[in-house]
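Report on the structure given below.
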Amino acid sequence: MSGIIVIGSQWGDEGKGKVVDVFSSQSDYVVRYQGGSNAGHTLIVDGKKTVLHLVPSGILHPKTKCIISTGVVLDIETLIVEIKALKANGLLQDPSQLMISDTATVLLKYHRELDQAREEEARNEKIGTTGKGIGPAYEDRASRKAILFGDLFNPETLKAKLEKSLDEKNFLLEHKYKKSPINIDSLLKDIEVWTEELRPYRNKNTSYDIHQALKADKKILFEGAQGTLLDLLHGTYPYVTSSSTISGSACIGTGIGPNQIQKIVGITKAYTTRVGSGPFPTELDDEVGQHLGKVGNEFGATTGRKRRCGWLDLVALKYAIRINGITNLALMKIDVLSDLENIKFCSSYEIDGVETHVYPSTPGELAKAKPIYKSVKGWKGDISKAKALQDLPAEARSLVSLIGSEVGIPIDVISVGPGRDQTIWVKPLF
Ligand code: GDP
Ligand code: IMO
Ligand code: MG
């Protein structure tokens, strides 16, 4: 058993990309298993920034193999842009470093256009999607109409599937949303070029390869995208994404058994952010919220949208621990809390006048939740150069230990800045 799942425990953007990059130095494989280019994972090494949307965050380590497995919705146009940028930076020189599953779902421009058209039409009831076509692509998969990555290499199958898809999609685009229809011949021509560019990365059986690697005791990281509270079934529905974002999805999206997983590392910011619509009990509309957004540079890595900010919510974090089976935590961005007089975290909710420590099961209930806070004294000064727990001010250390004891899970990693080297290991990964 050498599989480790890295999972977002809030509403995404917790710092999964940074953690996966840091862990990758000790890992043989990194696997993306759900979501698509709605993800934006930021890696900062020696001051240089790389944002990845589809390529797994192990790619900066040439010896680490990266797999995009079945559960991903694959925007082939975006993927090619990403691959070209990596190559231009001297990375991904060996094509065998990246493998794409033949059974991943292909996402094309009509998925993006439908996603955007629906959001435009929704006016006051927007989900606030990234506009990357994620919902429409997963709909095609569920309704058994999807074009799979392997279909791209079979022109007859591809043409037949695309004709069928466009028949329906163009009807919607033209007649419901008053947009221009998509021309099949020109799309087929583009796909032909993209297919040749992606041919070197084709893998016919990633599930088998991952299984063999696990059998050989290789170290494998499963890189989650989005976060627990955006999960299609267990998140703040309907303000969620269209995939399952919780840890169980790592097994489903790759085709391995749950008994192959050794650890589930939950990534959490020391405060909370959310992009898009939906309930957010600890959201701050005051100067502290603005301070967190400014110091934390809280703008989406995919859409550039301003992230909503608020205090850390331990009721939600305990829920994430429960439904993911999180065994260890990485606490991110504690440097952003420096210089605040007092730091608060939500330890329970009041719903209809009754205090509860249990995360409500319906979004309607969550929308009524009023946070009950605990407050601790803050610290002054820059902590972004701390290399060990002892380098942190006493107040920061006691905050870390308080959070760990409130949720009952050890905090193994503390992140004090965006850089790879701004990481404190409380306990080794393996
Ligand atoms: P992901 O989607 O979970 O990979 O997270 P994003 O990359 O979307 O957002 C996290 C942001 O926080 C990025 O800009 C990171 O560079 C940055 N970041 C990660 N860890 C830290 C940290 O400990 N401190 C600070 N200040 N920034 C961090
Ligand atoms: P990473 O992997 C934060 C949010 C969108 C919107 C909702 C649905 O970088 O953490 P979608 O385009 O998926 O249909 O949008 O989900 N969302 C994210 N928020 N981080 C992400 O990914 C997200 N991916 C989707 O803002 O509210
Ligand atoms: Mg992100």
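Peptides 370-379, 270-279, 37-46 ranked from most to least packed give 270-279, 37-46, 370-379, packing being the mean of other C-beta atoms within 10 angstrom over each peptide's residues. For the chain, the average shadow cast by the Cα convex hull is 20.2 nm², which is a quarter of the hull's surface.
Pairwise alpha-carbon distances in region 269-425 exceed 29 Å for 15% of all pairs. Helix 394-407 versus the longest principal axis of the chain: what is the Cα-based angle in degrees, 0 to 90, to the nearest 10? So the helix axis and the longest Cα principal axis differ by about 60 degrees. Normalised by the number of residues in the chain, the average gap of Cα pairs under 8 Å and 6 or more apart makes the relative contact order 20 percent. The length gained by stretching the chain between V193 and Q93 to full extension, at 0.36 nm per residue less their Cα-Cα distance, is 34.0 nm. For S398 and S361, a Förster radius of 41 Å and the Cβ-Cβ distance give a FRET efficiency of 0.80, rounded to the nearest 0.05. Ordering Y201, N124, L187 by Cα displacement along the dipole of region 77-206 toward the positive end leaves N124 in first place; charges were set at the Cβ atoms of Lys, Arg (+1) and Asp, Glu (-1).
Note on K109 and N124: their simple-model spin labels are 3.5 nm apart, each label 7 Å out from Cα toward Cβ. Computed from point charges on the beta carbon alone (+1 for Lys and Arg, -1 for Asp and Glu), the dipole magnitude for region 130-248 about its Cα centre is near 180 Debye. Using the 1.4 Å probe convention, the accessible area of region 269-425 works out to 44 Å² per residue with neighbouring protein chains retained. Step through the table entries K18/K204; K63/K132; K145/K178, compare each Cα-Cα distance with 27 Å, and write down the pairs that go over it. In this structure, K18/K204; K63/K132 lie more than 27 Å apart at Cα.
Stretching the chain fully between K164 and K48 yields a gain of 37.4 nm (0.36 nm per residue, less the alpha carbon separation). The orientation-averaged projection of the convex hull spanning the C-alpha atoms of region 292-333 amounts to 3.9 square nanometres. Spread over its residues, the convex hull of the C-alpha atoms of region 348-411 is 127 Å³ per residue.
Ranked by the mean number of other Cβ atoms within 10 Å of their residues, highest first, the peptides 146-152, 308-314 come out as 308-314, 146-152. Over the chain, dividing the summed -39,500 (n - 2.57) contributions of all DSSP H runs of at least 4 residues by the number of residues returns a 222 nm mean residue ellipticity of -9500 deg cm²/dmol.
Here's the picture: charge each Lys and Arg Cβ at +1 and each Asp and Glu Cβ at -1 in the chain, and of A160, N328, L312 the one pushed furthest to the positive end of that dipole is N328. Dividing the Cα radius of gyration of region 48-148 by its Kirkwood radius returns 1.04 for Rg/Rh. Name all residues of region 47-70 having a backbone nitrogen under 16 Å from the label point set 7 Å from the Cα of F430 along its Cα→Cβ direction, giving them as ranges. Counting only backbone N, you get 58, 61-66.
A probe of 1.4 angstrom, applied to the heavy atoms of all protein chains, finds I326 with accessible area near 10 square angstrom. At a temperature of 10 °C and a viscosity of 1.306 mPa s, determine how fast region 185-299 diffuses translationally according to Stokes-Einstein, using the Kirkwood radius over alpha-carbon pairs as Rh; express D in µm²/s, rounded to the nearest whole number. It comes out at roughly 88 µm²/s. Note on region 113-220: semi-axes of the ellipsoid equivalent to its C-alpha gyration tensor, largest first and rounded to whole Å, are 32, 21, 12. Centre-to-centre separation between the Cα atoms of region 204-262 and those of region 96-160: 19 Å. Highest mean first, the peptides 50-56, 351-357 sorted by other C-beta atoms within 10 Å per residue fall in the order 50-56, 351-357.
The values are calculated or read from the model by the stated rules, or taken from the named source; none is laboratory data. Computed from a predicted structure; not experimentally measured. In this analysis, Cβ positions are derived from the backbone assuming ideal geometry, glycine residues included, and neighbour counts consider all displayed protein chains. All accessible areas refer to the heavy atoms of the entire protein, side chains included, with ligands and DNA or RNA removed. Shrake-Rupley method; radii C 1.70, N 1.55, O 1.52, S 1.80 Å.
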